[in-house]
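First comes the structure, then the notes that go with it.
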Amino acid sequence: MLVGCGGSREVGRTTRISSRIPPRGAYTQTGLGSYYANKFAGRATASGSIYRPGEMTAAHNTLPFGTLIRVTNTRNGHSVEVTVTDRGPHTKGYIVDVSRRAAVQLDIIEAGVVPVQLTVIKAAP
């Protein structure tokens, strides 16, 4: 996945991901978050859904499609809830790519990449 802009190259910590999603709030992960470049608008995601920048969606490398996660920008405390619909990001230390709408709410558009904490809110159905 390409991201909006470059940023710092902090390497995040990742907690171990099991094949079964733990109860709400039990799974957290810290690392870098970025957002989808505009050129992906209208393209199919790995789940088969179409990426729409105005929706609250995200890409994660291992969480099941349909998992609801909270992403928090640890620089400013802004949080959003997004649904995993795609795979990515594919850069070391990056743990999530969010849709443009989510990126605006997290205030990461200008920076492009920010440190984030991810928490599972609801496991995929």
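The values are calculated or read from the model by the stated rules, or taken from the named source; none is laboratory data. The model shown is predicted, which means the values in this text are computed figures rather than measured ones. Cβ atoms come from the backbone with ideal geometry, glycine included; neighbour counts cover every protein chain shown. In case anyone asks, the SASA skips ligands and DNA or RNA and just uses the protein heavy atoms, side chains included. Shrake-Rupley method; radii C 1.70, N 1.55, O 1.52, S 1.80 Å.
Before moving on, here are some points about what is shown:
- Phi to ³J(HN,Hα) by Karplus 6.51 cos²θ - 1.76 cosθ + 1.60 over the stretch 31-36, Hz, x for Gly, Pro: x, 9, x, 9, 9, 5
- Accessible surface, per residue, of the stretch 42-96 when the full set of protein chains is kept, probe 1.4 Å, Å²: 45
- Extension gain from S49 to N76, taking 0.36 nm per residue of separation minus the Cα-Cα distance: 6.7 nm
- Annotation: the antiparallel percentage among DSSP beta bridges lying fully within the stretch 30-125 is about 70.
- Model label sites at A37 and E110, defined 7 Å from Cα along the beta-carbon direction, differ in position by 2.3 nm.
- The HN-Hα couplings worked out from phi for the stretch 52-57 by the Karplus form 6.51 cos²θ - 1.76 cosθ + 1.60 (θ = phi - 60°) are 10, x, x, 9, 9, 10 Hz, whole numbers, x standing for Gly and Pro.
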